[in-house]
1. Would you call residue B:323 more than 21 Å from the chain's Cα centre (by Cα), of a type in the set (A, V, I, L, M, F, W, C) and not assigned by TED's automatic domain parsing to the domain that holds residue B:185?
2. Can you tell me which residue within the stretch B:12-24, out of those that are under 27 Å from residue A:44 (Cβ atoms) and within 11 Å of another protein chain (Cβ to nearest Cβ), is modelled with the highest pLDDT?
3. Among the candidates A:131, A:164, single out the residue that is under 30 Å from residue A:13 (Cβ atoms) and surrounded by fewer than 24 Cβ atoms within 10 Å (Cβ to Cβ).
4. In the same structural domain as residue A:175 (by TED's automatic domain parsing), outside any strand (DSSP E or B) and of a type in the set (S, T, N, Q): which single residue out of A:311, A:301 fits that description?
5. Scanning for something out of contact with any helix residue (DSSP H, G or I) (no Cβ under 6 Å at 6 or more places or on another chain) and small (Gly, Ala, Ser), does the stretch A:312-319 turn up at least one residue?
6. Specify the residue that is modelled with the highest pLDDT; the eligible residues are those in the stretch B:25-58 that are part of a loop (DSSP other than H, G, I, E, B) and of a type in the set (A, V, I, L, M, F, W, C).
7. If we scan the stretch A:33-42, do we find a residue that is surrounded by 24 or more Cβ atoms within 10 Å (Cβ to Cβ), facing another protein chain (nearest Cβ under 8 Å) and of a type in the set (Lys, Arg)?
8. Could you say whether any residue in the stretch A:229-237 is among the basic types (Lys, Arg) and closer than 25 Å to residue A:324 by Cβ?
Number of protein chains: 2
Amino acid sequence: MMPPGAGASGEDSLIARYFRPLATDPGAFALGDDAAILKAMGDDIVVTTDAIVEGVHFLPGDPPDTIAQKALRVNLSDLAAKAAAPAGFVLTLALRAADDAWLASFARGLGADSSRFGCPLLGGDTVSTPGPLMISITAFGRVAAGQMLRRSGAKPGDRVVVTGTVGDAMLGLDILKGGAVAAALADDAAARELLVGRYRVPQPRNALAQALRDHAHAAMDVSDGLAGDLAKLCMASGVSAVIDIPSIPLSAAAATALARRAVGMEALVSGGDDYEILCAIPEDGFDALARAAGIAGVAVSSIGTVIAGRSAPRFLDAQGRDLPLSRLAYSHF
Amino acid sequence: MMPPGAGASGEDSLIARYFRPLATDPGAFALGDDAAILKAMGDDIVVTTDAIVEGVHFLPGDPPDTIAQKALRVNLSDLAAKAAAPAGFVLTLALRAADDAWLASFARGLGADSSRFGCPLLGGDTVSTPGPLMISITAFGRVAAGQMLRRSGAKPGDRVVVTGTVGDAMLGLDILKGGAVAAALADDAAARELLVGRYRVPQPRNALAQALRDHAHAAMDVSDGLAGDLAKLCMASGVSAVIDIPSIPLSAAAATALARRAVGMEALVSGGDDYEILCAIPEDGFDALARAAGIAGVAVSSIGTVIAGRSAPRFLDAQGRDLPLSRLAYSHF
C-alpha cells in the first residue's frame with residue numbers, strides 16, 4: 001500500500017502530494033497505513049479489477065487527466081453493470097519517472113471522478129517501470145446481499161438492451177492513429193472530437209445501477225465489442241439472441257463515418273472500449289427501465305431479442321441477412 | 001475481470017486453463033462474470049495492494065512459480081501485519097506473450113500458495129505489454145470490526161520486535177546479480193541458496209496474525225528495509241525508538257557475509273524485501289507473543305525499545321555507537 005513514510009523519498013512525497021487528498025474515506029487512514037478498511041454494512045462487497053496500458057488502452061500523448069479518468073471509469077462501468085454502488089478503489093501505478101506536471105494532471109482527473117462517482121481512493125502502490133505506463137485499479141461496490149446482477153440470468157423472450165451508442169470509441173482510436181476515419185471526417189472537427197472523447201473518457205452508466213437491479217435479468221458492460229460481449233452474456237445464460245442491426249444505436253458521427261464507408265458495421269459491433277451496458281430485460285420491465293434511464297439522462301435502446309438455443313447470436317440487417325462476424329471481440333493475446 | 005468468454009480468444013482460453021482452477025470461492029463465480037462477491041460476515045474487510053515488477057522485485061530468469069508466490073506473499077504479509085485473516089485476492093497480470101510453460105508454472109505456484117494460505121483467486125485482468133512483466137495483486141482479509149492492527153499504536157516502553165531474520169533478501173538479490181556477496185559465499189552453496197530463496201519467496205507470517213491482534217500495540221511488515229520501516233512506524237505512532245544492533249536477528253548466512261565484510265550492517269537494515277513483521281509489544285505481552293510464535297514456528301526477537309520523542313530511531317552497536325544510516329529505505333523514484 002502507499003505509505004507516506006518518514007523518509008523524504010520521492011515515492012513517499014509524491015503520494016502525499018498528489019494522492020492523499022483523494023483518500024477521503026476514514027477507512028483509507030489518509031494512506032498512512034499498510035492497508036485500508038472497507039465496511040460492508042450488511043451488503044455484499046462487489047470486487048472488480050481492470051488495468052489500462054499505454055499503447056493499448058490509451059496513447060502516449062493522451063492528457064494525463066483523461067488517462068486517470070479512463071482507468072477509474074472502466075472499473076466503475078463494471079460496478080454499474082453489476083448493479084453495485086461505488087464504495088472505493090485501490091490503484092497500482094507503474095511509471096517510468098515521477099513527472100510532477102504529469103502526476104498533478106493525473107491526480108486532478110482521478111480526484112474529480114472519485115468525487116463525481118462517490119468512489120474514494122483507499123490505497124495503492126507505485127512502482128517504476130522502463131516499459132509503458134500501466135494503471136491497474138481494483139474497485140469496490142456495495143449491493144444488497146445476493147443481489148449482484150449476473151451475466152447468467154437472460155431468458156428467452158427478454159429484450160436485448162444497450163445504453164448509449166456503440167462503436168464510437170474504436171472510431172476515436174482510429175482518428176488518433178490517423179486512420180481512414182480521420183480522413184473521412186476531415187471536414188467535421190466536432191465529430192472527430194466527440195469520437196476521440198468517447199475513446200479517452202468512457203461514460204460509465206452508474207446512474208442506471210439501481211434500475212438495472214430492479215428490472216434486468218442479466219447485464220455486463222461492453223468493453224470488448226458488442227458482438228463478442230453479447231456472445232459471452234448469451235453463453236453464460238445458456239441462450240442465444242437475434243439482433244436487429246438498424247436498431248443498434250449509433251452516434252451521428254459514427255453514422256457519418258459508416259455512410260462514408262470509412263468503417264463497416266462489423267467493425268462497429270466488434271470494436272472495444274464502448275463501456276456501455278448490455279442487458280437482458282423482460283418485456284414487462286422495459287418501460288420502467290426506459291423511464292428510469294430517461295430520468296438519469298442515459299439513452300437505452302432495445303436492439304433485439306433473447307431466444308432459446310446455444311448458437312452464436314445473429315446480427316440481421318434490414319433485409320434479414322446475417323452480418324458476417326469473423327472477429328468477435330478484442331483479445332490481448 | 002477475467003471473463004472466460006464465448007470466443008476462442010487466447011486470453012479467454014488461458015484464463016480458463018490456468019486460472020479458473022484457482023477460483024475456488026463461490027463468490028468468484030468461476031471467473032465467469034465481470035466481478036466477484038466478497039462477504040464480510042460482520043467483519044471489516046482489510047484491503048491491501050502491492051505490485052511486483054520484473055527487474056525490480058524479481059529477475060527475468062526467476063522461476064515463474066516463485067514469481068507468483070512472491071506476488072501473492074508480499075500482499076499476505078501486509079494482511080498478517082494488520083492481524084487479518086486472508087479472504088481472497090484479485091490479480092492483474094501484464095505479460096509480453098502468453099507462453100504456456102511459463103503460465104503453467106506461474107499458475108501452479110499461485111495455486112499452491114492460494115491453498116496454503118486459504119486465499120482464493122476472486123478475479124483479475126490480463127493485459128499485454130511490450131515492457132517488463134508486472135503482477136499487481138489486491139488482497140483481502142477479514143478482521144473483527146475495528147480490530148485492524150495499525151502502525152500508529154506504539155507507546156514508549158513497548159518492545160520493538162521483529163520476526164524471522166533481517167537482510168537475507170537483499171543478500172539473495174546481490175548473489176543473483178553476481179555481487180560481492182556471491183564472491184564471499186562462493187564456498188557455501190547452501191548459504192547462497194538460502195539467501196536467494198529468501199529473495200524469491202518471502203515467508204509471510206500469517207500464522208502470527210491472531211497473536212499480533214492479541215498482544216501488539218502496532219505493527220507493519222518490513223518491505224523497504226528495517227530502518228526505514230521502523231522510522232515509518234515510529235512517525236505514525238508519534239514516538240521514537242532505540243535499537244540494539246547485536247539483538248537484530250541474522251541468518252547464519254547473513255552473519256557469515258557480514259563477518260567476511262561482503263556487506264555492512266547499514267545495508268542489512270536498509271535493504272528491502274524482508275517481509276518480516278515489525279511490531280511494538282507492551283512489556284507484559286512479549287512472553288505470550290513469544291509462546292504463540294513458538295507454537296506457530298516463527299522466530300521473534302526483541303531488538304529494542306520504543307521511547308518518547310520524535311527523532312529518528314537510533315541503531316546502537318555493542319559499544320553504544322550510532323550506526324550511520326544515510327539511506328533509510330528503498331524508494332522507487
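The values are calculated or read from the model by the stated rules, or taken from the named source; none is laboratory data. Quick caveat, the model's predicted, so the values are computed rather than measured. Don't worry about glycine lacking a Cβ; one is built from the backbone with ideal geometry, like all the others, and counts go over all protein chains shown.
1. Spelling it out, residue B:323 is indeed more than 21 Å from the chain's Cα centre (by Cα), of a type in the set (A, V, I, L, M, F, W, C) and not assigned by TED's automatic domain parsing to the domain that holds residue B:185.
2. B:15
3. A:131
4. Result: A:311 is the single residue among A:311, A:301 that is in the same structural domain as residue A:175 (by TED's automatic domain parsing), outside any strand (DSSP E or B) and of a type in the set (S, T, N, Q).
5. No: zero hits.
6. Filtering first and then ranking leaves B:35.
7. No.
8. yes
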